[in-house]
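First comes the structure, then the notes that go with it.
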Amino acid sequence: MLAKSLSASVLGVEAHPIEVEVDLALGLNQFTIVGLPDGTIKESKERITAAITNSGFNFPVRRITVNLAPAEMRKIGSGFDLAIAATLMGALEAFSPARLDGYLLVGELSLEGRVRPIRGALPIALAARKMGLKGLVLPRGNAREAAVVEGLNLLPVESLEETIGLLRGEFTPTPEPVDTQGLFAQAALYGEDMRDVKGQEQVKRALEIAAAGSHHLMLMGPPGSGKTMLARRLPTILPAITFDETLETTRIHSIAGLLGPGQPLVAQRPFRSPHHSISPAGLVGGGSIPQPGEISLAHNGVLFLDELPEFPRNVLELLRQPLEERRLTISRAAMSLEFPCSFMLVAALNPCPCGYLGDAGHRCRCSPGDVARYRGRISGPLLDRIDLQVDVPATPFDKLADARRGESSPHVRQRVEAARGRMAARLNGRPNALMTPAEMEAHCQPNPEGLALLRNAMEKLSLSARAYTRILKVSRTIADMAGSTPIEAAHVAEAIQYRKLDRGVV
């Protein structure tokens, strides 16, 4: 007897439909799964056998062959358990195999027959809606995550017994409603606020410019000056995340298994802060079957690299392409997968190994050679890709003791969104950091005074061509924040002062 059903495999950030075929034939008792299954799927034979038996059904003593098609596509994960078990029961005529038509089944089985949650429920739900299926049968633990996809009939189940009852027409699952608007309203309330930062007005100005233009940012200052505190508040002044951005971000976090039971959506801009001991695969993604790394988990948000020179140089060099292209392609012998990684990089470092170079309150113990070697851990090409390089001095006592509080994040965000609106009208919804060369030629020409100032800076500081384009883009952002159509000399001057390391300032 032959029965067929539909399941899905997640590769990269996309879910691909997989046809599950089960054939029962006379012969010695044997259970074989073919179609490029990974080790987890091969182990599913034991889970399925125990789940069917412990759910009160008779497991067949036959030669069982399971084919996962298309055969050339690699299948990964434990999400095929439910589809294989249900199709096997259809082949045994526990219900009409025709009842499987039009449904997609995913879920991991426990030995007692419970259906456990899986990774990647959201991309699977999106794929099921795109295919126009009757419904998606999935674990109840994934129901709220998949419920954010409108126009899809969700059928959450808790056990194999419920699944068989559903296919027999004896059980009707109850849906899991999700208040999307309520989730967005709750997510808009960040735990941090810019008003918590005392002093540092120039640095807060740089953060606002970076947020407005989606520019990468470097913070250099002594220990305790507030670099981490400032970086953590950058997401609070970024434009409010849109629903499409939320779906993109949630899909990546779902694949990585980072969604909690009560978190169906990532409705805040991500803030990722990996430790400097991270591996290359952990930062940019990888593995024999590529998985998203920290740069993809920071998609539509902020990637914060604290103590930047402590990261291995080979790891930092992997950032160069993603910083430019905002996407990453990982190629392996069997597949090539693309991961989105449109993030803002915020890097923090001390001015020297001891941390107190240029600090009036502490004596620096580092020699010029020590400082040069410390900063030399960061390559010139990587520094060129960071638009704003800002000094973060220690906050004086009178600022710390001042009871007055600065501007709140919502107030700053209003100015950021106004500037983004000007950019969006000019660049089809993109920020200034993503301008093409043709767009820069059309929109980033300073007035004569600004051009003369930029020429002087290029000659005296020996700036690279990439630093030149960064200064122009930041100048355009500063002009947009001021509501100015032309780029004036004051805008160029402010952009130049944010190239701290190019100017050789200590």
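The values are calculated or read from the model by the stated rules, or taken from the named source; none is laboratory data. Because the structure is a prediction, the values reported are computed rather than measured. No Cβ is skipped: glycine too gets one built from the backbone with ideal geometry, and neighbour counts run over all protein chains shown. Side chains included, ligands, DNA and RNA excluded: accessible areas come from the protein's heavy atoms. Shrake-Rupley method; radii C 1.70, N 1.55, O 1.52, S 1.80 Å.
Within the stretch 107-151, can you find the residues that are farther than 22 Å from K75 by Cβ, over 22 Å from the mean Cα position of the chain (by Cα) and crowded, with 22+ Cβ neighbours inside 10 Å?
Answer for the stretch 107-151, where residues must be farther than 22 Å from K75 by Cβ, over 22 Å from the mean Cα position of the chain (by Cα) and crowded, with 22+ Cβ neighbours inside 10 Å: just G113.
Check the stretch 441-457 and report whether any residue there is open to solvent by less than 40 Å² (accessible area, probe 1.4 Å) and within 29 Å of the chain's Cα centre (by Cα).
No, that holds for no residue.
Within the stretch 170-177, identify whether any single residue is open to solvent by 10 Å² or more (accessible area, probe 1.4 Å), over 30 Å from G113 (Cβ atoms), polar (S, T, N, Q) and out of contact with any strand residue (DSSP E or B) (no Cβ under 6 Å at 6 or more places or on another chain), and answer yes or no. Let's see the steps before the verdict.
Initial filter on the stretch 170-177 (open to solvent by 10 Å² or more (accessible area, probe 1.4 Å)): 170-177.
Within this subset, residues satisfying the condition of being over 30 Å from G113 (Cβ atoms) are none.
No - not one qualifying residue is present in the stretch 170-177.
Identify all residues within the stretch 10-22 that are touching a Leu at 6+ places or on another chain (Cβ under 8 Å), modelled with pLDDT under 95 and outside any loop (DSSP other than H, G, I, E, B); write none if there are none.
Passing the criteria: L11, A15.
Could you grab me the full set of residues in the stretch 292-334 that are part of a loop (DSSP other than H, G, I, E, B) and open to solvent by 30 Å² or more (accessible area, probe 1.4 Å)? Quick ask: steps written out before the conclusion?
Here is the first cut: in the stretch 292-334, the residues part of a loop (DSSP other than H, G, I, E, B) are 293, 298-301, 306-307, 311-312, 318-319, 326, 332-334.
Correct list: D306, E307, P312, L318, R332, A333, A334.
Of these, T49, T32, which one is in a helix (DSSP H, G or I), without any contact (Cβ under 8 Å) to a residue 40 or more places away in the chain and either under 24 Å from G165 (Cβ atoms) or open to solvent by 40 Å² or more (accessible area, probe 1.4 Å) (or both)?
Numbers: T32 fails: in a helix (DSSP H, G or I).
Going through T49, T32 in turn, the sole match is T49.
Kindly check whether there is at least one residue in the stretch 365-374 that is farther than 27 Å from G199 by Cα and either in contact with a His (Cβ under 6 Å, 6 or more places away or on another chain) or crowded, with 19+ Cβ neighbours inside 10 Å (or both).
For the stretch 365-374, residues farther than 27 Å from G199 by Cα and either in contact with a His (Cβ under 6 Å, 6 or more places away or on another chain) or crowded, with 19+ Cβ neighbours inside 10 Å (or both): present.
So is R205 open to solvent by 10 Å² or more (accessible area, probe 1.4 Å), within 30 Å of L92 (Cα to Cα) and of a type in the set (K, R) or not? Steps first, please.
Numbers: open to solvent by 10 Å² or more (accessible area, probe 1.4 Å): yes; within 30 Å of L92 (Cα to Cα): no; of a type in the set (K, R): yes.
Considered against the rule, which asks whether it is open to solvent by 10 Å² or more (accessible area, probe 1.4 Å), within 30 Å of L92 (Cα to Cα) and of a type in the set (K, R), R205 comes out as no.
Would you point out the residue of the stretch 217-238, among those that are assigned to a helix (DSSP H, G or I), among the aliphatic types (A, V, I, L, M) and open to solvent by less than 10 Å² (accessible area, probe 1.4 Å), that is nearest to R420 (Cα to Cα)? Spell out the reasoning first.
Pass one, the stretch 217-238, residues assigned to a helix (DSSP H, G or I): 227-232, 235-237.
Among the residues that remain, those that are also among the aliphatic types (A, V, I, L, M) are: 229-231, 237.
Among the residues that remain, those that are also open to solvent by less than 10 Å² (accessible area, probe 1.4 Å) are: 230-231, 237.
Values: L230: 21, A231: 20, I237: 12 Å.
The qualifying residue nearest to R420 (Cα to Cα) is I237.
Are there any pairs with C-beta distances below 7 angstrom linking a residue in the stretch 431-458 that is free of Cβ contacts under 8 Å to residues at least 24 places away in the same chain to a residue that is open to solvent by less than 30 Å² (accessible area, probe 1.4 Å) and of a type outside the set (S, T, N, Q), with the two at least 6 apart or on different chains, and if so which?
Going by the 7 Å Cβ cut-off, the qualifying pairs are E439/L427.
Looking for whichever is in a strand (DSSP E or B), touching a helix residue (DSSP H, G or I) at 6+ places or on another chain (Cβ under 9 Å) and either at pLDDT below 95 or buried (at least 24 other Cβ atoms within 10 Å of the Cβ) (or both) here; the options are L104, L82. Which one fits? Lay out the reasoning, then the answer.
Working: L82 fails: in a strand (DSSP E or B).
Of the residues listed, the single one that is in a strand (DSSP E or B), touching a helix residue (DSSP H, G or I) at 6+ places or on another chain (Cβ under 9 Å) and either at pLDDT below 95 or buried (at least 24 other Cβ atoms within 10 Å of the Cβ) (or both) is L104.
Taking K399 as meeting all but one of (1) closer than 24 Å to R385 by Cα; (2) touching a Lys or Arg at 6+ places or on another chain (Cβ under 8 Å); (3) open to solvent by 70 Å² or more (accessible area, probe 1.4 Å), write down the number of the exception.
(1)
Say we look at the stretch 152-190 and pick out the residues that are of a type in the set (V, I, T) and modelled with pLDDT under 85; which of these is farthest from the chain's Cα centre (by Cα)? If you could, list the steps in order and put the result at the bottom.
First, the residues of the stretch 152-190 that are of a type in the set (V, I, T): 157, 163-164, 172, 174, 178, 180.
From the residues that got through so far, the ones that are modelled with pLDDT under 85 too are 178, 180.
Details: V178: 22, T180: 20 Å.
Only one residue tops the list, namely V178.
Report, by residue number, each residue of the stretch 458-505 that is among the basic types (K, R), farther than 17 Å from Q202 by Cα and within 31 Å of the chain's Cα centre (by Cα).
First pass over the stretch 458-505, keeping only residues among the basic types (K, R): 460, 466, 470, 473, 476, 499-500, 503.
Now narrow it down to the ones that are farther than 17 Å from Q202 by Cα: 460, 466, 470, 473, 476, 503.
R466, R470, K473, R476 - these are the residues of the stretch 458-505 that are among the basic types (K, R), farther than 17 Å from Q202 by Cα and within 31 Å of the chain's Cα centre (by Cα).
For the stretch 411-506, which fully contained helices (runs of 4 or more DSSP H) count at least 2 residues that are among the aliphatic types (A, V, I, L, M) and touching a Pro at 6+ places or on another chain (Cβ under 9 Å)? First the steps, then the outcome.
Values: elements: 437-443, 448-461, 465-481, 489-497.
Qualifying helices (runs of 4 or more DSSP H): 448-461, 465-481, 489-497.
With the checklist (1) modelled with pLDDT under 95; (2) under 14 Å from L160 (Cβ atoms) in hand, flag the one item K42 doesn't pass.
Evaluating K42 over (1) modelled with pLDDT under 95; (2) under 14 Å from L160 (Cβ atoms) leaves (2) as the failure.
If I278 satisfies all but one of (1) open to solvent by less than 10 Å² (accessible area, probe 1.4 Å); (2) part of a loop (DSSP other than H, G, I, E, B); (3) of a type outside the set (F, W, Y); (4) modelled with pLDDT of 90 or more, what's the number of the condition it fails?
(1)
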